[in-house]
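What follows is a set of notes on a single structure, which appears directly below.
The numbers here are math on the coordinates, done by the rules we state, and not lab data. Note that the coordinates shown come from a computational prediction; the quantities given were computed from them, not determined experimentally. So basically every Cβ, Gly included, is an ideal-geometry build from the backbone, and we count neighbours across all protein chains shown.
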Amino acid sequence: MIDHDQLFKRLLENFFPEFIQLFFPDICTYWQPQTIEFLPQEIFTDVTVGEKKIADLVVRVRFQNQDSLFIIHVEHQSSSQSDFNARMFVYFARLHEKYGLPIYPIVIYSHDSPRTPEPTCYTVEFPDWKVLEFNYRVVQLNQLDWRDFVSTPNPVASALIAKMRMDRQERPRVKLSSLQLLVSLGLNPAQIEQISQFIDVYLDLNPQEEAIFRQQLASIEPTQEEEVMEIVTSWQRQGRIEGRIEGLIEGKREMVVRLLNRRVGTLTPQLQERIQRLSVSQLEDLGEALLDFNAIADLENWLTTYASDNNS
């Protein structure tokens, strides 16, 4: 089972300023991002149904040029619930009661369907007057077109593209576009690993889609292809693609041979035969090592040192 809330929580904790900049740039005009403080998780008891609810992300931050604070409360929803707007009001009321600060409430919806717009307010009213109108901001990913974000230099965009509106046949292209954006951002290895894992969870391609993905990967700029290939290799090496490795071995072998042809020249049938006999782990190691190859001799030396002609 995928823990959707935990995946989104980790993404936002590590890239919270980038999330705000992407979807709520107005906040950036009046907050001090260097003062961000993640508050302990709030646990609320819903006595009507006997359940405990946990607020996903509660962030305290200082207003710009002011000696005062406010709170940004972010909830992630992986499904559509008819009474969720009422729950958001309860969260708001209890957070306001506890902290006595202005609260900016946000909901991120990541479900694939339905695509109908989610509510953005909760009201209490009578025929003769309105008692309450509570408004909150909504980011509904299936309402957003992934194409509008592929040129946005933001790590949160590179991750969340994987959950935006797309046609089924577009999945390989969306995955490649997400990874192309990711490798262009200059992030550190840990950040790349987190976002690439997020992308792979939500764009877990079937064998037919993987074949299309490989074809499209072969058509992009060679340097960027190598960087994307390195991420794909890392997924396999670290077990990020559990249960799918066997079905991807041949595709991995084809990509490694293609990259070798680009870096060191056309491989002889003998060299291709030796690569064909490599084990899965050796193939993954070669996929990383080839990034430093400049000539056929480099490949031959690597095969002599790290691989045995007796492998099957």
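Helices assigned as whole DSSP H runs in the chain whose Cα atoms extend at least 27 Å along their own long axis and whose mean Kyte-Doolittle hydropathy is -0.5 or higher are found at 245-264.
Fully extending the segment from Q64 to L185, taken as 0.36 nm per residue of separation minus the present Cα-Cα distance, adds 40.8 nm.
Quick one: of the DSSP bridges fully inside the chain, what percent are antiparallel, nearest 5? Taking every DSSP beta bridge within the chain, about 60 percent pair in antiparallel fashion. Computed packing ranks the peptides 122-133, 169-180 as 169-180, 122-133, most packed first, by mean other Cβ atoms within 10 Å. Note on the chain: Cα-only Rg and Dmax are 24.2, 86 Å. A simple spin-label model places pseudo-atoms 7 Å from Cα toward Cβ; at Q34 and V201 they are separated by 3.2 nm.
Modelled spin labels at R115 and E97, positioned 7 Å past Cα toward Cβ, are 4.1 nm from each other. Across A162, A86, A297, mean-square fluctuation computed from a Gaussian network of the chain (C-alpha pairs under 10 Å connected) peaks at A297. By the count of neighbouring beta-carbon atoms within 10 Å, fewest first, D292, D112, D56 end up ordered D292, D112, D56. Note on D148 and I43: the model spin-label points, each 7 Å out from Cα along the C-beta direction, lie 3.9 nm apart. Taking 0.36 nm per residue of sequence separation and removing the Cα-Cα distance, the S80/D3 pair yields an extension gain of 26.1 nm. Once the Cα-Cα distance is subtracted from the 0.36 nm per residue extended length, the R168 to E193 segment shows a gain of 6.5 nm.
Largest GNM mean-square fluctuation among I54, I195, I108, using the chain with Cα springs under 10 Å: I54. Out of Q140, Q34, Q215, any idea which swings most in a Gaussian network model of the chain, alpha carbons joined below 10 Å? For the chain, modelled as a Gaussian network with Cα springs under 10 Å, the answer is Q34. Size descriptors for the stretch 4-143, from the alpha-carbon set: Rg then Dmax equal 15.5, 47 Å.
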